[in-house]
There are 2 protein chains.
Amino acid sequence: MATPSQSQRPSPERVFGVLNAFHSSAALKTAIELGIFTTIAEGADRANDIAQRVNAAERGVRILCDYLTIHGFLTKTEDRYALTQESAIFLNRHSPAYMGTLADFLASEGHKRDFDALTASVRKGGTAVAQGDNTKPNDELWVSFARTMAPLTTVSAGFIVDLAGAREGKACKVLDIAAGHGMFGINIAKQNPNAQITAVDWAPVLAVAKENAAAAGVANRVASLPGSVFEGDLGEGYDIVLLTNIFHHFDMATAKS
Amino acid sequence: MATPSQSQRPSPERVFGVLNAFHSSAALKTAIELGIFTTIAEGADRANDIAQRVNAAERGVRILCDYLTIHGFLTKTEDRYALTQESAIFLNRHSPAYMGTLADFLASEGHKRDFDALTASVRKGGTAVAQGDNTKPNDELWVSFARTMAPLTTVSAGFIVDLAGAREGKACKVLDIAAGHGMFGINIAKQNPNAQITAVDWAPVLAVAKENAAAAGVANRVASLPGSVFEGDLGEGYDIVLLTNIFHHFDMATAKS
């Protein structure tokens with residue numbers, strides 16, 4: 001979102017820009033879906049060439065790439081597009097820091113529907129859409145979260161690994177509540193060969209965490225405990241309890257309980 | 001939309017922010033719909049007080065106002081909210097420069113639906129939604145445009161009035177094609193008592209232009225010519241033809257014809 005106008009003279013530009021800001025979410029999501037950034041990283045740089053490789057119309061690709069150029073996600077010199085440093089790092093599928101998967105979750109149809117009902121939700125003081133209770137399983141949503149949002153954990157996982165003293169290598173039982181992608185526990189297990197992780201989440205979500213644990217080579221030390229954190233028996237004797245993906249979904253009273 | 005990161009170190013923040021930018025469109029539209037800015041201008045400054053006056057839940061209003069504070073549309077001191085200079089000028093319904101009406105058109109359900117189909121539209125190279133032909137009447141959309149977008153004409157209308165030499169007061173026939181709100185022709189008529197305006201647009205849209213002409217005291221010099229600019233007889237002998245609201249809706253070939 002744009003910062004407040006810097007100039008002394010008040011301008012209608014920011015009100016106009018923010019009312020239209022949903023264009024930019026859609027444009028970036030479309031570019032990610034079509035693989036525009038990845039295709040440019042692979043060497044295509046003219047609209048017709050990019051269009052052919054992503055199986056889209058040249059006119060559509062040219063207009064989209066010009067929009068992305070204006071908004072600083074591409075550069076354009078004559079008729080050739082190039083990635084910015086940011087796009088090369090975060091939006092090229094071949095980059096280890098690729099964030100494109102986030103678009104599926106953040107700008108999902110469900111989230112857009114939620115914000116379409118915002119006025120009713122503010123009137124009510126809580127969600128005005130049907131599916132607003134995070135104590136119930138909602139597999140599709142949280143599997144999507146687990147599949148797409150792992151790239152966002154890179155920085156915070158390092159912080160948690162340090163906080164957990166993982167590099168000291170002491171035997172340690174970790175309970176990862178609402179584990180999702182499981183990346184916080186998995187990173188502890190990677191750094192500490194004596195850590196045992198128990199991941200709690202809905203069963204279809206834990207399947208994603210197991211895949212990630214296997215890819216990290218720590219599947220044998222990441223156990224699954226499917227079900228609701230409010231209802232199941234979570235076991236005991238844990239040295240560390242991770243509560244990374246959960247409190248912000250509940251009101252104060254539920255979170256405290 | 002945020003400008004590219006200023007720091008040397010590339011950050012994922014802007015990708016995250018742009019994928020979520022549709023939140024800000026929804027939040028600003030909701031605040032306008034509820035009349036939050038106007039209510040604060042009228043003297044309410046605490047969440048519970050604002051909530052009572054706009055008939056919404058205190059919790060919803062507090063969360064919304066905190067979001068608007070973070071994004072620079074309000075300020076907050078302890079538990080009291082205040083307007084920024086920009087919000088006081090452009091978002092308070094009592095201000096002569098009020099832009100709140102724009103939200104209905106810019107962030108309408110129809111426009112949001114169009115952007116939901118953006119990937120398909122880029123693939124196709126043109127709109128992928130049913131209603132994409134601006135040569136056909138589409139009364140609801142253009143009446144909404146005429147009713148809501150007039151505030152955006154303030155600066156450009158002044159420019160057109162100068163360009164048309166309106167202040168010289170010479171007798172002058174003006175054809176205003178796709179007049180919409182009619183504000184460009186109306187402003188010429190206001191400045192030049194010898195100007196005769198003919199406004200072309202769909203009939204229900206011209207009803208709005210007539211209202212605006214009456215409010216400006218120039219109704220007797222603004223004639224209506226309902227119908228499509230591509231089909232009807234537009235008359236002749238015009239000194240000035242205004243083409244302000246039209247070319248950007250068509251491809252180059254149609255626009256030239």
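The values are calculated or read from the model by the stated rules, or taken from the named source; none is laboratory data. Source: prediction; values computed, not measured. Cβ sites come from the backbone with ideal geometry, for glycine too, and all protein chains shown count toward neighbours. We work out accessible area using only protein heavy atoms, side chains counted, and drop any ligands, DNA or RNA first. Shrake-Rupley method; radii C 1.70, N 1.55, O 1.52, S 1.80 Å.
Provide a single number: the residues in the stretch A:103-133 that are within 22 Å of A:Ser25 (Cα to Cα) and not polar (S, T, N, Q).
16
Could you figure out which of (1) buried (at least 20 other Cβ atoms within 10 Å of the Cβ); (2) touching a residue at least 40 places away in the same chain (Cβ under 8 Å); (3) not charged (D, E, K, R) isn't true of B:His94?
Against the list (1) buried (at least 20 other Cβ atoms within 10 Å of the Cβ); (2) touching a residue at least 40 places away in the same chain (Cβ under 8 Å); (3) not charged (D, E, K, R), B:His94 comes up short only on (1).
Given the structure, is B:Thr69 over 30 Å from A:Met149 (Cα atoms) and open to solvent by less than 40 Å² (accessible area, probe 1.4 Å)?
Judged against the criteria, B:Thr69 is not a match.
Go through the stretch B:113-135 and count every residue that is touching a Phe, Trp or Tyr at 6+ places or on another chain (Cβ under 8 Å) and modelled with pLDDT of 90 or more.
Qualifying residue count, the stretch B:113-135: 1.
Of the residues A:Arg9, A:Arg14, only one is more than 17 Å from the chain's Cα centre (by Cα), within 7 Å of chain B (Cβ to nearest Cβ) and charged (D, E, K, R); which?
Among A:Arg9, A:Arg14, only A:Arg14 is more than 17 Å from the chain's Cα centre (by Cα), within 7 Å of chain B (Cβ to nearest Cβ) and charged (D, E, K, R).
Only one of A:Ala56, A:Ala103, A:Ala27 is touching a His at 6+ places or on another chain (Cβ under 8 Å), crowded, with 21+ Cβ neighbours inside 10 Å and small (Gly, Ala, Ser); which?
So the residue among A:Ala56, A:Ala103, A:Ala27 that is touching a His at 6+ places or on another chain (Cβ under 8 Å), crowded, with 21+ Cβ neighbours inside 10 Å and small (Gly, Ala, Ser) is A:Ala27.
Which helices (runs of 4 or more DSSP H) does the stretch B:22-123 wholly contain that include 1 or more residues that are within 7 Å of chain A (Cβ to nearest Cβ) and basic (Lys, Arg)?
B:58-70, B:109-116
Residue by residue, here is whether (1) more than 22 Å from the chain's Cα centre (by Cα); (2) at pLDDT below 90 holds:
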site: B:Gly158; (1), (2): no, yes
site: B:Gly169; (1), (2): yes, yes
site: B:Gln196; (1), (2): yes, no
site: B:Ala199; (1), (2): no, no
site: B:Val205; (1), (2): no, no
site: B:Val208; (1), (2): no, no
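Do you know which residues across the stretch B:1-16 are assigned to a helix (DSSP H, G or I) and either aliphatic (A, V, I, L, M) or modelled with pLDDT of 95 or more (or both)?
B:Val15
Determine if the stretch A:75-85 includes at least one residue that is closer than 25 Å to A:Leu152 by Cβ and either surrounded by 18 or more Cβ atoms within 10 Å (Cβ to Cβ) or in contact with a His (Cβ under 7 Å, 6 or more places away or on another chain) (or both).
Among the residues of the stretch A:75-85, at least one is closer than 25 Å to A:Leu152 by Cβ and either surrounded by 18 or more Cβ atoms within 10 Å (Cβ to Cβ) or in contact with a His (Cβ under 7 Å, 6 or more places away or on another chain) (or both), which makes the answer yes.
When you go through (1) at the interface with chain B (Cβ under 9 Å from one of its Cβ atoms); (2) without any contact (Cβ under 8 Å) to a residue 24 or more places away in the chain; (3) open to solvent by 40 Å² or more (accessible area, probe 1.4 Å) one by one for A:Ala128, which number turns out not to apply?
Result: A:Ala128 passes all but (1).
I want to confirm something. Restricting to the stretch A:240-255 and keeping residues that are at pLDDT 90 or above and out of contact with any helix residue (DSSP H, G or I) (no Cβ under 6 Å at 6 or more places or on another chain), which single residue is surrounded by the fewest Cβ atoms within 10 Å (Cβ to Cβ)?
A:Val241
Kindly check whether there is at least one residue in the stretch B:181-192 that is on the phi < 0 side of the Ramachandran plot, exposed (fewer than 15 other Cβ atoms within 10 Å of the Cβ), out of contact with any strand residue (DSSP E or B) (no Cβ under 9 Å at 6 or more places or on another chain) and free of Cβ contacts under 8 Å to residues at least 40 places away in the same chain.
Looking through the stretch B:181-192, none of the residues is on the phi < 0 side of the Ramachandran plot, exposed (fewer than 15 other Cβ atoms within 10 Å of the Cβ), out of contact with any strand residue (DSSP E or B) (no Cβ under 9 Å at 6 or more places or on another chain) and free of Cβ contacts under 8 Å to residues at least 40 places away in the same chain.
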